[in-house]
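Okay, structure first, notes after.
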Amino acid sequence: MIKIFIFATLIHVAIASGRDMRSMRKFPSNPMMRRGPTVAVEDWSSTLCDNGTLAAAFLSETQKMITSLEANPAYNNVLQDHAQTIACLKSATNANILSSNCSEYFQLFQNAQNLDQIAQQQQLAYENNIDNLFRKVLNAVAGVRVSANVNF
């Protein structure tokens, strides 16, 4: 039963993380456009680390989820946004760390998530720059001021 719950939760997280970052940029002050409250890795990882069987099930079910998502090309862009986290989860070396030092494993996991977040923020900065350049082109060619909601 707990395996099904973990798997369903992970699928939900995977689907929720597939949201378009550009829509969050357009309405950053609207709380409905942002992801819901997040729970720190420490909060749930300690539960998993307290029970080695749960930790192993977490890794196994997460790896199955990743394999399933990788088989569906619709998720390619989303998976690319989480490349470091996925590499961490798929790593055999890290799997060995999970069984010997669970808290270190989840620190590696959190570090990978942070790297992915930094990459996503950089990507968003690039997208904002392209939008600004596009508006400048429109302004220069059409001679009109283009509103900030016109994007490339």
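Just so it is clear, none of the values below were taken in a lab; they were calculated from the coordinates. The shown structure was predicted, so the numbers you read here are calculated from the model rather than taken from an experiment. Virtual Cβ from ideal backbone geometry, glycine too; neighbours counted across all protein chains shown.
Note that segment 125-139 has calculated 3J(HN,Hα) couplings of 4, 4, 4, 4, 5, 4, 4, 5, 5, 5, 5, 5, 4, 4, 5 Hz, one per residue in order, obtained from phi through the Karplus relation 6.51 cos²θ - 1.76 cosθ + 1.60 (θ = phi - 60°); glycine and proline are x.
So how far apart, in nm, are the two label points at N151 and N139 if each is 7 Å from Cα heading toward Cβ? Here the modelled spin labels are 1.9 nm apart.
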